[in-house]
Amino acid sequence: MNKLRIIFLILGIFLVGGCGSKQQVVVAKKALPSWVIHPPLSNSLELIALGEGENQQDAINNALSLIASTLHVSISSNFSAKTVVKEGSVNSSEATYINETQSNVAKIQISEYELLHVKRLGFKRYAALVKVNKQKLFQGLKNEIDQKFMIFDNDIKNLQNANALKQLAAYKKMKNSFGYIENALIVMKILKKNFDDTKYLAKLNKINAQYQYLLQHISFWVVSNMKSLDKPVVSALTQQKFIIKNVKSKMHFTIYIHVKIQKANAYGFTLARSEISFITKDYKGEVLASNVVHITGQSSQGYAIAKQNLVKRLNHLIQKEGISKVLNVRL
């Protein structure tokens, strides 16, 4: 037993001595690359930005966002605000226009860029240095806008024999692209001082003018076998600025509402179960669209009140789904 104690004592001494002799390992902090500490600056030909993110793609995207920010900051000093014609109003406030433009220019997609450097700096930390050639960016935006207008021209040509509602829907779709096009034109003027955007703005104004003309001349009339059901439809059309008048015109449309109602009772309520059909015809009497919806009105005060509740339910449906979906017509 004494021998075993002596052996364990010796082993313990060695173990304590071994632990005491261990040296603490210090990991040297990695030096950051010079391009991270002192990134190169943008110049007259190129836009350069450093971005950081949790992964490589985030870092690149953040660098591109900074480049877009550089462009929109330049607007205040390089762009003289023009009168902006918006749907239903004219806004000529330079300060407001510049602020709106600055926030929207940041949404311009930059697809032509060169990745100069990318490096992992630590856990979930990457850095990327991105360069954008101003001439290539300008040309890319110009090609994209030219392509959009080529599509517009082709669509307009195909609309010559279409009815007014179809034309209105097509011009409305074109107008949805205005924001991007206007912002891209601003960026192009910043990138290239002598760029003339007159022809592009003229086309935008022409599309807007045609849209406004259609909106101001298209008229509707609603005919129903249950008069009170007219109100929700007329109200929705009025909100979209359509004329509600029975006139003779190639831009006139008639909506026919026909309702079938069945009386029922359930849990102390009187029910008015309805099948409501909508048929939209043009000025020649040709059917353009149709749709059927099923709505149940209810009341604890009798059948007459249950039928009146149908109007409230139809109005709720139109508010929820939109008049275009209820009529099955693009407006």
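Note on residue 227 and residue 157: the model spin-label points, each 7 Å out from Cα along the C-beta direction, lie 5.2 nm apart.
A full extension of the chain between residue 262 and residue 316 corresponds to an added length of 17.4 nm, given 0.36 nm per residue minus the alpha carbon distance. Checked against a 22 Å cut-off, the cross-linked pairs 281/320; 172/203; 227/312; 148/189 give Cα-Cα distances beyond that limit for 281/320.
Candidate cross-link partners of residue 119 among the lysines, defined by an alpha-carbon separation under 22 Å and a same-chain spacing of 8 or more, comprise 29, 30, 131.
For the peptides 289-298, 182-191, 252-261, the ranking by packing is 182-191, 252-261, 289-298, with the highest mean count of neighbouring Cβ atoms within 10 Å listed first. Bridgeable aspartates and glutamates around residue 248 (alpha carbons under 13 Å apart, same-chain partners fewer than 8 residues away excluded): 282. At an R0 of 25 angstrom, the distance between the Cβ atoms of residue 133 and residue 65 translates into a FRET efficiency of 0.90.
The calculated FRET efficiency for the pair residue 195 and residue 124, based on their C-beta separation and a Förster distance of 51 Å, comes to about 0.80. Normalised by 2.2 N^0.38 Å, where N is the number of residues, the alpha-carbon radius of gyration of segment 138-215 equals 1.17.
Rule-based calculations on the coordinates, nothing more; no lab input. Just so we're clear, the structure is a prediction, and the values are computed from it rather than from any experiment. Please note: Cβ atoms are built from the backbone with ideal geometry, for glycine as well, and neighbour counts cover all protein chains shown.
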